[in-house]
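Here the structure is laid out as structure tokens; the discussion comes afterwards.
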Amino acid sequence: DSGVTQTPKHLITATGQRVTLRCSPRSGDLSVYWYQQSLDQGLQFLIQYYNGEERAKGNILERFSAQQFPDLHSELNLSSLELGDSALYFCASSLGPYNEQFFGPGTRLTVL
Amino acid sequence: AQRVTQPEKLLSVFKGAPVELKCNYSYSGSPELFWYVQYSRQRLQLLLRHISRESIKGFTADLNKGETSFHLKKPFAQEEDSAMYYCALRGGGSQGNLIFGKGTKLSVKP
């Protein structure tokens, strides 16, 4: 599958813990975006990387951080987790910032 | 502030009936507008964008700057159109990130 991949599919953890979500973009895509989907807030943009550098920040909490590695995969780190962080986290990739974004299947995070 | 509003959480129609999913946006410049669709157990995918002015799967959407709307329309709904539909905006000053509405679930009944 040459599409966007995300691991893990599901993650269950406890409050106060830290987790790392991983995203591999489509082959050739340089831009990676992270979005959070929760029942009350809908799909919200978190952060964007282009070719390893941060390009834009959205509603990302200080407890969250991300990076894009030289091989262009990206990781989203969520720390000091709270119940309200339970959500679907989507990664998307595109060739460049203004090209079509292709979405991954998402990681469902449950914080107990 | 940039905002996308989809007033209907759920829209239920019968097969063959016309469909209109509403989308209104708030943006001071010249935005790009998109419709994304998510079928059951599938990924979110682009349905159409206003700049291409195309019809995909029978759906069309016209950008109305006066009413700041980008409603999605289809004259005759099919059961396979049942899905979640998200309207999204990309601002001209942005780095490409999208601002999504909360989505409308379309249910087409036989």
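The values are calculated or read from the model by the stated rules, or taken from the named source; none is laboratory data. From a predicted model like this one, the values you see are computed outputs, not experimental measurements. Don't worry about glycine lacking a Cβ; one is built from the backbone with ideal geometry, like all the others, and counts go over all protein chains shown. These accessible areas exclude ligands, DNA and RNA; they are computed on the full protein's heavy atoms, side chains included. Shrake-Rupley method; radii C 1.70, N 1.55, O 1.52, S 1.80 Å.
Matching residues to (1) under 28 Å from A:ILE47 (Cβ atoms); (2) in contact with a Leu (Cβ under 7 Å, 6 or more places away or on another chain); (3) of a type in the set (Gly, Ala, Ser):
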{"position": "B:LEU10", "(1), (2), (3)": "no, no, no"}
{"position": "B:LEU33", "(1), (2), (3)": "yes, yes, no"}
{"position": "B:SER55", "(1), (2), (3)": "no, no, yes"}
{"position": "B:LYS65", "(1), (2), (3)": "no, no, no"}
{"position": "B:PHE76", "(1), (2), (3)": "no, no, no"}
{"position": "B:SER82", "(1), (2), (3)": "no, yes, yes"}
{"position": "B:TYR85", "(1), (2), (3)": "yes, yes, no"}
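Quick one: what pairs do we get from the range B:57-80, first residue without any contact (Cβ under 8 Å) to a residue 24 or more places away in the chain, second surrounded by 12 or more Cβ atoms within 10 Å (Cβ to Cβ) and in a helix (DSSP H, G or I), C-beta under 9 Å, 6+ apart or different chains?
Cβ pairs passing all conditions: B:GLY58/B:ASP81; B:ASP62/B:HIS50.
Can you spot a residue in the range A:18-26 that is modelled with pLDDT of 95 or more, open to solvent by 10 Å² or more (accessible area, probe 1.4 Å) and of a type in the set (Gly, Ala, Ser)?
Looking through the range A:18-26, at least one residue is modelled with pLDDT of 95 or more, open to solvent by 10 Å² or more (accessible area, probe 1.4 Å) and of a type in the set (Gly, Ala, Ser).
Please enumerate the residues belonging to the range B:90-110 that are touching a Leu at 6+ places or on another chain (Cβ under 6 Å) and crowded, with 17+ Cβ neighbours inside 10 Å.
Quick first cut of the range B:90-110, residues touching a Leu at 6+ places or on another chain (Cβ under 6 Å) only: B:90, B:99-100, B:104-106.
Answer for the range B:90-110, where residues must be touching a Leu at 6+ places or on another chain (Cβ under 6 Å) and crowded, with 17+ Cβ neighbours inside 10 Å: B:ARG90, B:ILE99, B:PHE100, B:THR104, B:LEU106.
Among residues belonging to the range B:1-46 that are aromatic (Phe, Trp, Tyr) and not in a strand (DSSP E or B), point out the one that is least open to solvent (accessible area, probe 1.4 Å).
Step by step, filter the range B:1-46, then rank; the result is B:TYR39.
Which of the numbered conditions does B:TYR86 fail, given that it passes all the others? Conditions: (1) of a type in the set (Ser, Thr, Tyr); (2) modelled with pLDDT under 95; (3) within 13 Å of the chain's Cα centre (by Cα).
(2)
Pairs under 8 Å by beta carbon, first residue surrounded by fewer than 17 Cβ atoms within 10 Å (Cβ to Cβ) in the range A:50-61, partner at pLDDT 90 or above and not in a strand (DSSP E or B), six or more apart or different chains?
A:ASN51/A:LEU30; A:ASN51/A:LEU72; A:GLY52/A:PHE69; A:GLY52/A:PRO70; A:GLY52/A:LEU72
I need a count of the residues in the range B:47-63 that are open to solvent by less than 40 Å² (accessible area, probe 1.4 Å), closer than 17 Å to B:GLN78 by Cα and not in a strand (DSSP E or B).
Adding up the residues that qualify gives 1.
So, in the range B:64-87, exactly how many residues are under 17 Å from B:SER28 (Cβ atoms) and either open to solvent by 50 Å² or more (accessible area, probe 1.4 Å) or not polar (S, T, N, Q) (or both)? Quick ask: steps written out before the conclusion?
Narrowing the range B:64-87 to residues under 17 Å from B:SER28 (Cβ atoms): B:64-70.
Checking the rest, the ones that are also either open to solvent by 50 Å² or more (accessible area, probe 1.4 Å) or not polar (S, T, N, Q) (or both) come to B:64-67, B:70.
Looking only at that region, the number is 5.
Identify the residue in the range A:90-106 that is over 17 Å from A:PRO8 (Cα atoms) and open to solvent by 30 Å² or more (accessible area, probe 1.4 Å) and, among all such residues, is farthest from the other protein chains (Cβ to nearest Cβ). Don't jump to the end; show me each part of the working.
Filtering the range A:90-106 for residues over 17 Å from A:PRO8 (Cα atoms) gives A:93-102.
Next cut, open to solvent by 30 Å² or more (accessible area, probe 1.4 Å) only: A:95, A:98-100, A:102.
Working: A:LEU95: 10, A:TYR98: 5, A:ASN99: 8, A:GLU100: 5, A:PHE102: 8 Å.
The residue in question is A:LEU95.
Here is a check on your reading of the model: is B:SER107 among the polar types (S, T, N, Q) and more than 11 Å from every other protein chain (Cβ to nearest Cβ)? Outline the logic, then answer.
Numbers: among the polar types (S, T, N, Q): yes; more than 11 Å from every other protein chain (Cβ to nearest Cβ): yes.
For B:SER107, the condition - among the polar types (S, T, N, Q) and more than 11 Å from every other protein chain (Cβ to nearest Cβ) - is met.
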